[in-house]
Number of protein chains: 2
Amino acid sequence: MSKQQTQNHAWLLASRPTGEPTKENFRFVEQVIPELNEGEVLLRTVYLSLDPYMRGRMDDGESYAPPAELDKPMVGGTVCQVAASKHADYQQGDWVLGQSGWQQYAVSDGSDLVKLGNDLPHPSWALGILGMPGFTAYMGLMNIGQPKEGETLVVAAATGPVGATVGQLGKMKGCRVVGVAGGEEKCRYAIETLGFDACVDHHSSDFAGQLAAACSAGIDIYYENVGGKVFDAVFPLLNTAARVPVCGLVSGYSSRDLPDGPDRTPMIMAAILKRRIRVQGFIIFQDYGDRYPEFLSAMKPLIEDKKIHYREHVIEGLENAPQAFIDMLNGKNFGKTVIKVPE
Amino acid sequence: MSKQQTQNHAWLLASRPTGEPTKENFRFVEQVIPELNEGEVLLRTVYLSLDPYMRGRMDDGESYAPPAELDKPMVGGTVCQVAASKHADYQQGDWVLGQSGWQQYAVSDGSDLVKLGNDLPHPSWALGILGMPGFTAYMGLMNIGQPKEGETLVVAAATGPVGATVGQLGKMKGCRVVGVAGGEEKCRYAIETLGFDACVDHHSSDFAGQLAAACSAGIDIYYENVGGKVFDAVFPLLNTAARVPVCGLVSGYSSRDLPDGPDRTPMIMAAILKRRIRVQGFIIFQDYGDRYPEFLSAMKPLIEDKKIHYREHVIEGLENAPQAFIDMLNGKNFGKTVIKVPE
């Protein structure tokens, strides 16, 4: 191990947010990297993924995964190169997908690593279109959404890695695809580059009316990844036998209190009954982990043939991770947010 | 046609209820039966089915079926005998399942009839365990609920035709079955006769606590047919990957206003996501109409072998239909409510 690899930089989770996270919830530290034991590898983070689900991990409450630990490096998916190895399966320079979190270096016994091969044109895509977000888009749409020719599909965060993939796959299935995005530039991109039929700006004062106008035949599939006012505008438009895969609710992740009444729960349950709606939450690797190879073999040719567009929002420097994360939660990213970590 | 068959008695829908229906929403009339045309049959109602869904049909709002018409006989499924026939396919005396509603006689062109054969031991069962309620129980549980050995299944209205069937089928699939019913007698019946593992009285002041105690391993399937406070008590107990088939919400059918806040919608959607819950409404004949033969061939042997218990609550006399209907909505029935209509 060369000298410069004895020091690690990491963002620890310093405190749990109440409401919107702030930079003060994270603490940047320098740490000594321990000596490798036999069977271990030292990973150098090349790309760190920033994803909305991380907001939930910062909380201590009910979730599908244990909360991130205080005073430990913040959790997150990474694309790494092996910087040093005492593990028989890994050589220095190997590219791997890891879960090493918001830090420059990490030690792993290999059990949490996936080899990426060493000839990837875009290693960071393993965090996006070929990784968790793409897999989420694909399985939720195909398995729960079950798109059919001529149906209307609505997806929010339309230029994000999940929304953009959902919409483009929906177009391939013959759906009318209506996106929801924040701002004119993103909406134009969804239509002109991603090929959506329409895209409605959720900043617009008449958002619900514009969504209804764009969905004149109602909505057959609502791929739910934001919740909040988009859900409220979508729900009355859902058709009989509509499907609502729920993969995220980013608009509510930082909400501390429930909104004022009345309690719409009975109305929503009644609509689910009368319109025979299927609402189903899923967590991609828990529900569909065994189908990752199926996803990859479907998605890879679509990317190679340029039938799917994929956009990244790359930010240089690990020191910028907290602000980039906060910005992403507020929709200031344009595409999949990744932090590029210099050597 | 003999002389006494020239006069029909019928309950018309006189007005739409606001809140709980009353007897004043119905009007009993005597009508002249028109002469049969070629291709028509005269049906004599032998059994009229009373079902919770009828409450929804009395309203004018959104529903899965057009509202019952004012000043027309109230809608409903019936088991009839053919009283006279000018239709080549039907003979006087034939037993049929019809949709002739709350009346003594009705004329049909045969398009809405299902022949029941003339050697049925219990013709009225075509309105219950072998008809819509049994089919609803079977498909909702098997297709959406997907019961597995060792799982906990909760069903309300446990001694009603849907709940009793769901629970008994769940036992056959190896589930721990917990019923919810109104009163000690019904709870005892659910355990002692239907074989449920437990049954909680929803009249009890500590209902939610008792349900939680009876479901110490959480709830994997909640077969939703009542809504309201049962839903509220069940929801926090739902396990990861729980399934909630929604076939009815009888507790809310007569509610005029939404309950006070806060609005729990974001909390419920968050739980659906984090616990990966599937909530799915269904309307039996719209969703599964083509699978009725499959249901019959599964259910008939279970009944013949007495593996499924079925209980009817038979009330004599068409004149008693409105009160019996109101009583059923308030849980005063014990088993499937049918009106026996004398000749």
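Only one of these conditions is not met by A:SER49: (1) surrounded by 19 or more Cβ atoms within 10 Å (Cβ to Cβ); (2) under 28 Å from A:ASN330 (Cβ atoms); (3) out of contact with any Leu (no Cβ under 6 Å at 6 or more places or on another chain). Which number is it?
(3)
Can you tell me which residue within region B:222-268, out of those that are under 18 Å from A:LYS274 (Cα atoms) and small (Gly, Ala, Ser), is farthest from the other protein chains (Cβ to nearest Cβ)?
B:SER254
Only one residue in B:GLY248, B:GLY261 is within 20 Å of A:PRO266 (Cβ to Cβ), small (Gly, Ala, Ser) and touching a residue at least 40 places away in the same chain (Cβ under 8 Å), so which one is that? Outline the logic, then answer.
On the way: B:GLY261 fails: touching a residue at least 40 places away in the same chain (Cβ under 8 Å).
None of the others qualify; the one that does is B:GLY248.
Can you spot a residue in region B:275-289 that is farther than 27 Å from B:GLU185 by Cβ, buried (at least 20 other Cβ atoms within 10 Å of the Cβ) and of a type in the set (Phe, Trp, Tyr)?
Among the residues of region B:275-289, at least one is farther than 27 Å from B:GLU185 by Cβ, buried (at least 20 other Cβ atoms within 10 Å of the Cβ) and of a type in the set (Phe, Trp, Tyr), which makes the answer yes.
Cβ-Cβ distance below 9 Å, separation of 6 or more or different chains: which pairs start in region A:190-213 with a residue that is buried (at least 19 other Cβ atoms within 10 Å of the Cβ) and modelled with pLDDT of 95 or more and end on one that is of a type in the set (Ser, Thr, Tyr) and not in a loop (DSSP other than H, G, I, E, B)?
Close Cβ pairs satisfying both conditions: A:CYS199/A:TYR189.
Check B:GLY77 against each of (1) under 30 Å from A:MET269 (Cβ atoms); (2) free of Cβ contacts under 8 Å to residues at least 12 places away in the same chain; (3) of a type outside the set (D, E, K, R) and name the one condition it does not meet.
(2)
Give the number of residues within region A:138-149 that are in contact (Cβ under 8 Å) with a residue 60 or more places away in the chain and assigned to a helix (DSSP H, G or I). If you could, list the steps in order and put the result at the bottom.
Step one: of region A:138-149, the residues in contact (Cβ under 8 Å) with a residue 60 or more places away in the chain are A:138-141, A:143-148.
Adding the requirement that they be assigned to a helix (DSSP H, G or I) leaves A:138-141, A:143-145.
Count: 7.
Please work out if A:ALA271 is part of a helix (DSSP H, G or I) and either within 14 Å of another protein chain (Cβ to nearest Cβ) or among the β-branched types (Val, Ile, Thr) (or both). It would help to see each step written out before you state the result.
Working: part of a helix (DSSP H, G or I): yes; either within 14 Å of another protein chain (Cβ to nearest Cβ) or among the β-branched types (Val, Ile, Thr) (or both): yes.
So A:ALA271 fits the description; yes.
For region B:105-130, what are the residues that are part of a loop (DSSP other than H, G, I, E, B) and either of a type outside the set (Gly, Ala, Ser) or touching a Leu at 6+ places or on another chain (Cβ under 7 Å) (or both)?
So the first thing to find is which residues in region B:105-130 are part of a loop (DSSP other than H, G, I, E, B), and the list is B:109-113, B:116-122, B:128-130.
B:ASP109, B:ASP112, B:LEU113, B:LEU116, B:ASN118, B:ASP119, B:LEU120, B:PRO121, B:HIS122, B:ILE129, B:LEU130 - these are the residues of region B:105-130 that are part of a loop (DSSP other than H, G, I, E, B) and either of a type outside the set (Gly, Ala, Ser) or touching a Leu at 6+ places or on another chain (Cβ under 7 Å) (or both).
Among the residues of region B:274-286, what is the count of those that are of a type in the set (A, V, I, L, M, F, W, C) and either over 24 Å from B:PRO52 (Cα atoms) or facing chain A (nearest Cβ under 7 Å) (or both)? Outline the logic, then answer.
Initially, region B:274-286 is screened for residues of a type in the set (A, V, I, L, M, F, W, C), giving B:277, B:279, B:282-285.
Filter once more, keeping what is either over 24 Å from B:PRO52 (Cα atoms) or facing chain A (nearest Cβ under 7 Å) (or both): B:277, B:279, B:282-283.
Summing the residues that are of a type in the set (A, V, I, L, M, F, W, C) and either over 24 Å from B:PRO52 (Cα atoms) or facing chain A (nearest Cβ under 7 Å) (or both) in region B:274-286 gives 4.
I'd like the full set of residues that are in contact (Cβ under 8 Å) with a residue 24 or more places away in the chain, among the charged types (D, E, K, R) and over 18 Å from B:GLY77 (Cβ atoms), limited to region B:312-343.
Result: B:GLU316, B:GLU319, B:GLU343.
The values are calculated or read from the model by the stated rules, or taken from the named source; none is laboratory data. This one's a predicted model, so the numbers in the text were calculated from it and none came from an experiment. Cβ atoms come from the backbone with ideal geometry, glycine included; neighbour counts cover every protein chain shown.
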